[in-house]
Amino acid sequence: MAMKVLVTGCAGFIGGNFARALDAEGIPFVGVDNFTPSYALWVKKANIKPLLGSKFGKFIKADICAKKLYGKLSREGITHIVHLAARTGVRDSTRVPEEYLGTNILGTLNVLEFARDNNVENVVLASTSSVYGRNELPFSEGQAVSTPMSIYAASKIGMESLAHSFHNVYGVPMTILRLFTVYGPGGRPDMAVYTFTDLISRGEPINIYGSLDSKRDFTFVSDVVDALLLALRRNAGFDVFNIGNSDSRSVGELIGIIEKNVGAKAKKRFVAKAREDVDATLADISKARGQLGYNPKVRLEEGIEKFVQWFNSVQFRGRAGVSRLAKKRA
Ligand SMILES: NC(=O)c1ccc[n+]([C@@H]2O[C@H](COP(=O)([O-])OP(=O)(O)OC[C@H]3O[C@@H](n4cnc5c(N)ncnc54)[C@H](O)[C@@H]3O)[C@@H](O)[C@H]2O)c1
């Protein structure tokens, strides 16, 4: 049977990039997103816009927690699922924990029941490096993931556990990808790469949580899209893969690269490290390299250059959108 992919979270950062890749490859898909106002909605609208006239894809505005969505989807002939819909953001999960557990666990339950009832051939689920907490570096798939530092991480460990139990009880094929700090065009305004670029270019101070030595394994979005495509085509039983760049870089280095691309110096304001944050992440990607054929190509210097180009091309519209949203909320 020809492949037809359900992409949940299709208007999000990774979902938008992934759906555009499906479209470019001519792979039929159905995208679902409820436009959660977790960040400026203009970004989500911009992500979805190129897909609205797509020959291969169709978009449904809906909540994955609402059961009625699945009746509609069962008439679509879905063969594969890429499950990206989630409440995202580490610190925000402390503010609205019910929303994180509701979408990331109960929403996932609906997606998995749909997969079981429609004999889906592979469910690819987006998990996160946050499941590793403060484990020893580099993080590898064989490590225990039982000490989450945030409610977001706990919700994603819950999602992974649920996926494993579904595979065991019903035999639903599952591929879990643990993604490491993804950045690139369409990037989330609540993440450091976007916030730093925005504030540095406006001459406003940036908050440094803790120290400039915190490290992240920054992963460019096109490498993540490649990993999703590889995982999708995998003959799945159940497995978990790290998807990172295997190149941990400090916040100080990140700021230096952004300064160079923006052409301005950052004003740094040091604030206390959040309890939810970890000091460093680094992915051991040997399993994904060996078994999926994953091979990240974009180094941080090149990726930030591409991000800043995108940012400059949308920032006027973005600011207008952000201020409209701020007015609406006030
Ligand atoms: N960006 C990263 O650095 C990163 C790192 C690790 C894991 N991930 C995971 O990858 C996935 C995609 O992340 P992203 O960065 O694109 O985030 P995102 O917030 O841009 O995308 C998530 C999308 O899901 C949608 N959504 C949320 N709740 C929903 C619901 N109940 N029903 C339907 N849609 C809903 C949102 O509106 C949003 O468009 C998430 O599962 C996230 O946890 C991301």
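FYI, it's all coordinate maths here, none of it is from the lab. Here the structure is a predicted model, which means the values were calculated and not measured. Virtual Cβ from ideal backbone geometry, glycine too; neighbours counted across all protein chains shown.
Using just the helices of the chain, give the 222 nm mean residue ellipticity in deg cm²/dmol: DSSP H runs with n ≥ 4 each add -39,500 (n - 2.57), and the total is spread over all residues, rounded to 500.
On the way: 12 runs with 137 residues, N = 330.
Helices in the chain give a 222 nm mean residue ellipticity of -12500 deg cm²/dmol.
Only Cα pairs under 8 Å and at least 6 apart count here; give the relative contact order of the chain as a rounded whole percent.
Values: 642 pairs, mean separation 60.1, N = 330.
Reported relative contact order: 18 percent.
Could you line up 255, 64 from fewest to most neighbouring Cβ atoms inside 10 Å? Don't skip to the end; give the middle numbers.
Details: 255 19, 64 25.
Listing 255, 64 from fewest to most nearby Cβ atoms yields 255, 64.
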How many angstrom lie between the Cα centre of the stretch 69-141 and the Cα centre of the stretch 243-270? 30
Compute the angle between helix 221-232 and the longest alpha-carbon principal axis of the chain, please, reported from 0 to 90 degrees and rounded to the nearest 10. 10
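Determine the percent antiparallel among the DSSP beta bridges restricted to the chain, to the nearest 5. Write out the running numbers ahead of the final one.
Details: 2 of 39 bridges.
Of the beta bridges lying entirely in the chain, close to 5 percent run antiparallel.
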Expressed in angstrom and rounded, the centroid-to-centroid distance over alpha carbons for the stretch 155-229 and the stretch 293-308 is 14
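For a quick check: sort 76, 160, 98 by the number of other beta carbons within 10 angstrom, fewest at the front.
Details: 76 15, 160 19, 98 9.
Lowest to highest Cβ neighbour count: 98, 76, 160.
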With the dipole of the stretch 1-59 worked out from charges on the C-beta (+1 for Lys and Arg, -1 for Asp and Glu) around the Cα centre, which of 22, 3, 59 lies farthest toward the positive end? 59
Give me the one-decimal Kirkwood hydrodynamic radius in Å for the stretch 163-206, with the sum taken over alpha-carbon pairs. 13.5
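Rounding to the nearest 20 debye, state how big the charge dipole of the stretch 223-302 is about its Cα centre with +1 on each Lys and Arg Cβ and -1 on each Asp and Glu Cβ. Don't jump to the answer; show the numbers that get you there.
On the way: 14 positive and 12 negative charges, 50 e Å.
The dipole of the stretch 223-302 has a size of about 240 debye.
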Per-residue ³J(HN,Hα) for the stretch 158-173, Karplus 6.51 cos²θ - 1.76 cosθ + 1.60, θ = phi - 60°, Hz, x for Gly and Pro: x, 4, 4, 5, 4, 4, 5, 5, 5, 5, 5, 6, 10, x, 5, x
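Only Cα pairs under 8 Å and at least 6 apart count here; give the relative contact order of the stretch 203-267 as a rounded whole percent. Display every interim value, and only then the final one.
Details: 46 pairs, mean separation 36.7, N = 65.
For the stretch 203-267, the relative contact order is 57 percent.
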For the chain, state what percent of all Cα-Cα pairs lands in each successive 20 Å bin, counting from 0 Å until the bin that includes the largest distance. 32, 61, 7
By the C-alpha gyration tensor axes a ≥ b ≥ c (rounded if a/c is under 1.5, else prolate when a/b exceeds b/c, else oblate), the shape of the stretch 65-159 is oblate
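Where a ≥ b ≥ c are the square roots of the eigenvalues of the C-alpha gyration tensor, would you call the stretch 255-314 rounded, which needs a/c under 1.5, or, failing that, prolate if a/b is larger than b/c, or oblate?
Working: a/c = 3.01, a/b = 1.31, b/c = 2.30.
The shape class here is oblate.
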Sorted by chain and then number, the residues having a modelled amide H within less than 5 Å of the amide H of residue 29, at least 5 places away or on another chain, are 5, 57, 58
So who's got an amide H within less than 5 Å of the one on residue 240, skipping anything under 5 residues away but keeping other chains? H placed 1.01 Å off N, in plane. 176
The stretch 1-64 - percent relative contact order, Cα under 8 Å, separation 6 or more: 38
Hey, in the GNM for the chain with a 10 angstrom Cα cutoff, which one of 101, 137, 22 fluctuates hardest? 137
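Give the whole-number value, in cubic angstrom per residue, of the convex hull volume spanned by the C-alpha atoms of the stretch 1-133.
Working: hull volume 14.6 nm³, N = 133.
Per-residue hull volume (Cα only) is 110 Å³.
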Quick one: what are the phi-derived ³J(HN,Hα) couplings along the stretch 184-197, Karplus 6.51/-1.76/1.60 with θ = phi - 60°, whole Hz, x for glycine and proline? x, x, x, x, 6, x, 8, 9, 4, 4, 5, 4, 4, 4
From the backbone phi of the stretch 280-296, what are the Karplus-calculated ³J(HN,Hα) couplings (6.51 cos²θ - 1.76 cosθ + 1.60, θ = phi - 60°) in whole Hz, Gly and Pro given as x? 7, 9, 7, 8, 7, 10, 5, 5, 5, 4, x, 9, 9, x, 6, 8, x
